[in-house]
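Engineer: This is the structure I want to talk about, given as structure tokens.
The values are calculated or read from the model by the stated rules, or taken from the named source; none is laboratory data. If you're wondering where the values come from, they're calculated on a predicted model, not measured in any experiment. Cβ: placed from backbone, ideal geometry, glycine included. Neighbour counts: every protein chain shown. When the accessible area is computed, the model is the full protein with side chains, heavy atoms only, and any ligands, DNA or RNA have been set aside. Shrake-Rupley method; radii C 1.70, N 1.55, O 1.52, S 1.80 Å.
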There are 2 protein chains.
Amino acid sequence: MRNLKLTLAYDGADFSGWQVQPDRRTVQGTLAEAFARVTGEAALPQGSGRTDTGVHALAQVATVNSASTIPPGNLVQALNDVLPPTIRVLLAEEVPLMFHARGSAHAKTYRYRIMLSGICSPFLARYVYHHPWPLNEATMMAAASRVEGEHDFTSFAAVDPERAERIRLATSVGCSTTQTTEQPSPGREPCTNLRTLFSSHFARQGDELIYTVRGNGFLHHMVRNLVGTFLLVGKGKLAAEDIPRILGARDRSANPGPTAPASGLYLVSVEY
Amino acid sequence: MRNLKLTLAYDGADFSGWQVQPDRRTVQGTLAEAFARVTGEAALPQGSGRTDTGVHALAQVATVNSASTIPPGNLVQALNDVLPPTIRVLLAEEVPLMFHARGSAHAKTYRYRIMLSGICSPFLARYVYHHPWPLNEATMMAAASRVEGEHDFTSFAAVDPERAERIRLATSVGCSTTQTTEQPSPGREPCTNLRTLFSSHFARQGDELIYTVRGNGFLHHMVRNLVGTFLLVGKGKLAAEDIPRILGARDRSANPGPTAPASGLYLVSVEY
């Protein structure tokens, strides 16, 4: 049995996110079907994390166990021959059996593209968030730096009562409250909303304002909620100085920032 | 009554071409619906030409008569507010009543994008023709130059028996057999397959081979058939020297070149 690491790019616009769901066209489900056609094996490739409906990936990573002996280079070609052109396998590599796309990840980078031009090109409509209204980019840049470092990001996470209860129970029975990347348990969710952002910044590129964030892990909707909050700062409805207070509240309802649209978000890379 | 000239960009992937058709989502039909919503007028904007299913436009031009008094700048914004993001009105201008998007056009430029990389980015799948096999680009460049000038392009036109019969009848009753851009009759089809290509060339841009052609008019499928034929030259199945012979035959069946896929084709500009 081999453990295969697949690096994937996809246009998320036509998919109901990464995770397989009944009667929905998902990236994971489509990849599993392609894998079955090529290898004859029923296996569900495990991703480094779930991307939501409409979210794109430049280099998502998935692992899958396989008894097939197809050389990795041929597997890339064979999978791409049967996958839709909006999902591409960029690389296939054999990795140690203990390697797991999610559990072994040390860092991830996301990017969010905000198109500022008055008219958004029809060729970018699926690939950016169009925001043709004035923004104070300097205050947004200041706000972005305020989330760097280790913080409890509950105020920037999607509200998920079940997950909150799991964390409460796990913590009460002695689960570590800091995420560790040593000896990761494959697929296990960290028992805390503490995450470390190594960098968080905006850069202007032509008509686009691009947010790039690199961290050791991300909660559900976290990047889109960060961007939604920074946009409120850019509109003058929040100040950069409000960010530490919002973080400190550890409560999504203390954060007036909306979830920014999925179309602008890209999973850029996963580091191991 | 005003005559309005609209300049439009669209991603053709989700449309059944330009021309309005019952029960199909077309660019012209979608634009007419938006125009009706904004002005309250039932009018069918007339394009500079039809683009086929999947063909894109960077600057298609359409004209429409209107009794509305909405200033052109406001009309751009109002139309874009109700159009899908894959169609954008870039510009609206008031033009003389005798101006017609098709009849007044002096020249058009088309571009065709061929992606040569082994793996095509999922973000370009809708926007290029992916051709990851070897091509002799030098012979393609030589072939492209062989179609410059005035020629009968029947060998590069979609076979349309009805249109051929119309041309035969029109010619027999004394219709001019050369296309004229003076005193154009709005919407009238030229009575000949003679067209002049002012330039026709390939250029390499990174992983893309890009064909650009500028001419005084184009027959149905003409650019895609030119590209399909040049690709046969690039594969060594035809020589650049075969192009004059194929042109001279004035017969589509004398041309082994297939119609290249729509996804790579862009209407770049229309000159008046």
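Engineer: Being open to solvent by 20 Å² or more (accessible area, probe 1.4 Å), in contact (Cβ under 8 Å) with a residue 24 or more places away in the chain and among the acidic types (Asp, Glu) is the filter here; which residues of the range A:5-25 pass it?
Structural biologist: A:Asp14
Engineer: Considering only residues that are in contact with a helix residue (DSSP H, G or I) (Cβ under 6 Å, 6 or more places away or on another chain) and either within 17 Å of A:Pro122 (Cβ to Cβ) or surrounded by fewer than 18 Cβ atoms within 10 Å (Cβ to Cβ) (or both), which ones fall in the range B:26-42?
Structural biologist: B:Ala34, B:Arg37, B:Ala42
Engineer: Let me ask you something else. Select from the range B:50-82 the residues that are touching a Gly at 6+ places or on another chain (Cβ under 8 Å) and within 27 Å of B:His106 (Cα to Cα) and list them in ascending order.
Structural biologist: Taking the range B:50-82 first, the residues touching a Gly at 6+ places or on another chain (Cβ under 8 Å) are B:50-57, B:60-62, B:68.
Answer for the range B:50-82, where residues must be touching a Gly at 6+ places or on another chain (Cβ under 8 Å) and within 27 Å of B:His106 (Cα to Cα): B:Arg50, B:Thr51, B:Asp52, B:Thr53, B:Gly54, B:Val55, B:His56, B:Ala57, B:Gln60, B:Val61, B:Ala62.
Engineer: Taking the options B:Gly73, B:Gly40, B:Gly12, B:Gly118, name whichever one is on the phi > 0 side of the Ramachandran plot and not aliphatic (A, V, I, L, M).
Structural biologist: Exactly one of B:Gly73, B:Gly40, B:Gly12, B:Gly118 is on the phi > 0 side of the Ramachandran plot and not aliphatic (A, V, I, L, M), namely B:Gly40.
Engineer: Among residues belonging to the range B:93-122 that are over 18 Å from B:Met140 (Cα atoms) and of a type in the set (D, E, K, R), point out the one that is farthest from the other protein chains (Cβ to nearest Cβ).
Structural biologist: Among those residues, the one meeting the criterion is B:Arg102.
One line per residue, one yes/no per condition, for (1) in contact with a Gly (Cβ under 8 Å, 6 or more places away or on another chain); (2) open to solvent by less than 50 Å² (accessible area, probe 1.4 Å):
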{"position": "A:Gln205", "(1), (2)": "no, no"}
{"position": "A:Arg214", "(1), (2)": "no, no"}
{"position": "A:Leu238", "(1), (2)": "yes, yes"}
{"position": "A:Ala254", "(1), (2)": "no, yes"}
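Engineer: Are any residues in the range A:59-71 within 14 Å of chain B (Cβ to nearest Cβ) and either closer than 17 Å to A:Pro96 by Cα or surrounded by 19 or more Cβ atoms within 10 Å (Cβ to Cβ) (or both), and if so, which ones?
Structural biologist: Correct list: A:Gln60 only.
Rundown of residues vs (1) of a type in the set (Val, Ile, Thr); (2) modelled with pLDDT under 70; (3) touching a Gly at 6+ places or on another chain (Cβ under 6 Å); (4) open to solvent by less than 60 Å² (accessible area, probe 1.4 Å), yes/no style:
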position	(1), (2), (3), (4)
A:Gly149	no, no, no, yes
A:Asp152	no, no, no, yes
A:Phe156	no, no, no, yes
A:Glu162	no, no, no, no
A:Glu165	no, no, no, no
A:Thr178	yes, yes, no, no
A:Gln183	no, yes, no, no
A:Glu189	no, yes, no, no
A:Leu194	no, no, no, yes
